[in-house]
Amino acid sequence: MNKSLMKKHRFLIILSLITPLALLLAFWSGGYGHGDYLAANLLFPFPMALASVTGSISALSLIIAVIQFPAYGYLIDKKNPIVIYGLLAAHVIMAVGVNCYSGNFY
């Protein structure tokens, strides 16, 4: 791989590689419907918030989960501190909110 491309899109590449591991951890914490979904709520708060609204983990939630970390990497690679801190704040606030208010829809 081209080193300048690797340097320019470092976080996009790293977070894209981490995504499958995070998805496996989220599925594992869900326990095939019998778990507590804690890891899923913490790692993927936006798709889990959507699942809370719709009452199930839909295909759209899964698509959002798959693109979430690569999107984070893309935004972090832009090196804009406001975007990075805003992204961190939004993720933490959503994770706390989903854990506190989602209920047991699953």
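Within the stretch 1-54, which residues are within 18 Å of V96 (Cα to Cα) and β-branched (V, I, T)? Residue satisfying the conditions is V53 alone.
Scanning the stretch 66-85 for residues that are out of contact with any Leu (no Cβ under 9 Å at 6 or more places or on another chain) and in a helix (DSSP H, G or I) yields a total of 4. Filtering the stretch 2-45 to residues that are outside any helix (DSSP H, G or I) and either touching a Phe, Trp or Tyr at 6+ places or on another chain (Cβ under 7 Å) or on the phi > 0 side of the Ramachandran plot (or both) leaves only Y37. Cβ-Cβ distances below 9 Å connect no pair with a first residue in the stretch 69-84 that is closer than 19 Å to A22 by Cα and among the acidic types (D, E), a second residue that is part of a helix (DSSP H, G or I) and at pLDDT 95 or above, and a separation of six or more residues or different chains.
With respect to P81, is the statement that it is under 19 Å from L12 (Cα atoms), loosely packed, with under 14 Cβ neighbours inside 10 Å and not basic (K, R) true? Answer is yes for this residue.
Of all residues in the stretch 17-38, those satisfying the criterion of being crowded, with 18+ Cβ neighbours inside 10 Å and free of Cβ contacts under 8 Å to residues at least 60 places away in the same chain are T19, A22, L23, A26.
If you take the residues in the stretch 42-70 that are of a type in the set (G, A, S) and crowded, with 16+ Cβ neighbours inside 10 Å, which one is nearest to the chain's Cα centre (by Cα)? Can you show your working first?
Initially, the stretch 42-70 is screened for residues of a type in the set (G, A, S), giving 49, 51-52, 55-56, 58-59, 61, 65.
Next cut, crowded, with 16+ Cβ neighbours inside 10 Å only: 49, 51-52, 61, 65.
Working: A49: 11, A51: 13, S52: 15, S61: 10, A65: 5 Å.
Checked the stretch 42-70; the qualifying residue nearest to the chain's Cα centre (by Cα) is A65.
The values are calculated or read from the model by the stated rules, or taken from the named source; none is laboratory data. The structure presented is a predicted model; accordingly, all values stated were derived computationally and were not measured. Backbone-built Cβ (ideal geometry, glycine too); neighbour counts: all protein chains shown.
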